[in-house]
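Trainee: I have a structure I would like to understand better, so I am pasting it below and will then ask my questions one at a time.
The values are calculated or read from the model by the stated rules, or taken from the named source; none is laboratory data. Computed from a predicted model, the values in this text were never measured in an experiment. Note that we place each Cβ from the backbone using ideal geometry, even for glycine, and neighbour counts take in every protein chain shown. Note: areas computed on protein heavy atoms with side chains; ligands, DNA, RNA excluded. Shrake-Rupley method; radii C 1.70, N 1.55, O 1.52, S 1.80 Å.
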Amino acid sequence: MSANLLLPHLLPPSAQGRNWPGKMSASQAVDQLIRFQKVGTSVQQHLDSITQSSQPYLLALGSTKSSIHSYFVVIDKHALPCKATGSVGAFDELFKAHFAFGT
């Protein structure tokens, strides 16, 4: 997981388009890519709290950030459970879903 979270720091996001307010920081990029929830938190409650449409992201459920038990790909207020149990497989499914659904 730490290697995947290191990528936005090594390859920082760039500003896109004329109306973009500026460069996003690496920590903001990580927050856009993966969101952590404690075990026992309702996935449906997380989906209901989404107020705006965003790019697909990973929802990681675990007792701590270093011990994640399950991953979900969240797309348009729908959580798709990842078959992968590790972070590399979950990121693979996230990128595949991003291209498959054309978001």
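Trainee: Of the conditions (1) out of contact with any Ser or Thr (no Cβ under 9 Å at 6 or more places or on another chain); (2) modelled with pLDDT of 80 or more, residue 60 fails just one. Which one is it?
Mentor: (1)
Trainee: Evaluate the following for residue 54: is it open to solvent by less than 70 Å² (accessible area, probe 1.4 Å), more than 15 Å from the chain's Cα centre (by Cα) and within 20 Å of residue 30 (Cβ to Cβ)?
Mentor: No.
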